[in-house]
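The values are calculated or read from the model by the stated rules, or taken from the named source; none is laboratory data. Keep in mind that what you see is a predicted model, and the values were worked out from it rather than measured. Every residue, glycine as well, gets a Cβ built from its backbone with ideal geometry; the counts of neighbours run over all protein chains shown. Surface accessibility is based on the protein's heavy atoms, side chains included, excluding ligands, DNA and RNA. Shrake-Rupley method; radii C 1.70, N 1.55, O 1.52, S 1.80 Å.
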Amino acid sequence: MKMIKDYLKYIGFWKVPQESPPTKEEFKKEKKISIAERKLAYLKEMEANHIERRNTIETKNSQLIGQASIVSSVFFLFISLLIDSFSEVNLLGRIILSVIFLVVLIHYLYAVIQATKTLEINRYQYPNRSTSTISNNKKEIDFINEEIQDLIYIVNKSSELDNQKGDNLLFAARCFQIANIGFGILTISIIIMTFFIPNSSKQSNENPKVDDQVCTTTTKQKALDPS
């Protein structure tokens, strides 16, 4: 039971609640402009790194969706071409192939489901800078301090949302990898089982030859029989 639970956690089907970092932190306003500007530059660099990471995650998610769609199409085409041969396999073999097929299918579908979560933009409401920060006439140091406060909230909230997208990509990649391994195992199993399938087509081709020989022999006997 524990093994199944760990596996479901591994592919993201069993979600473990995690404590998210606080989005609002206490910020002590600076009185010196030089120190405030250094903190502001640091936060802007953090924001740029988060945006770059977010773009990378979204790009890889899109690539994974495309790859999963292509591989799934090949998988279904492969199965449709070999479905007629399954009738010649014994019951145990059909059960094994069916189980592997269902496992591969479920993991391909779940990989696509996990990856497409990132495309649902309503799930990820990123905060932006507010115009209220510049709406009032303030001193320069007050404006910088308020901009720092805005960036602290934006960076913390964006980090939480980006981590959710990263988890979606991680779980989708794991399911996709497992499905590909299962596809390979299914292919090898089918190849091995083909050696144990009777060659009915060959037997059906030999039977007409025997019938032709019998008909030819019967015709010759009738021709030699004077009655």
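Test Ser85 against the criterion of being at pLDDT below 75 and within 17 Å of Lys165 (Cβ to Cβ), and give yes or no.
Working: at pLDDT below 75: yes; within 17 Å of Lys165 (Cβ to Cβ): no.
No: the conditions fail for Ser85.
Could you tell me which of the residues Asn180, Asn168, Asn163, Asn128 is more than 30 Å from Leu40 (Cβ to Cβ) and open to solvent by 40 Å² or more (accessible area, probe 1.4 Å)? Step through it out loud before you land on a result.
On the way: Asn168 fails: open to solvent by 40 Å² or more (accessible area, probe 1.4 Å); Asn163 fails: more than 30 Å from Leu40 (Cβ to Cβ); Asn128 fails: more than 30 Å from Leu40 (Cβ to Cβ).
That would be Asn180, the only listed residue that is more than 30 Å from Leu40 (Cβ to Cβ) and open to solvent by 40 Å² or more (accessible area, probe 1.4 Å).
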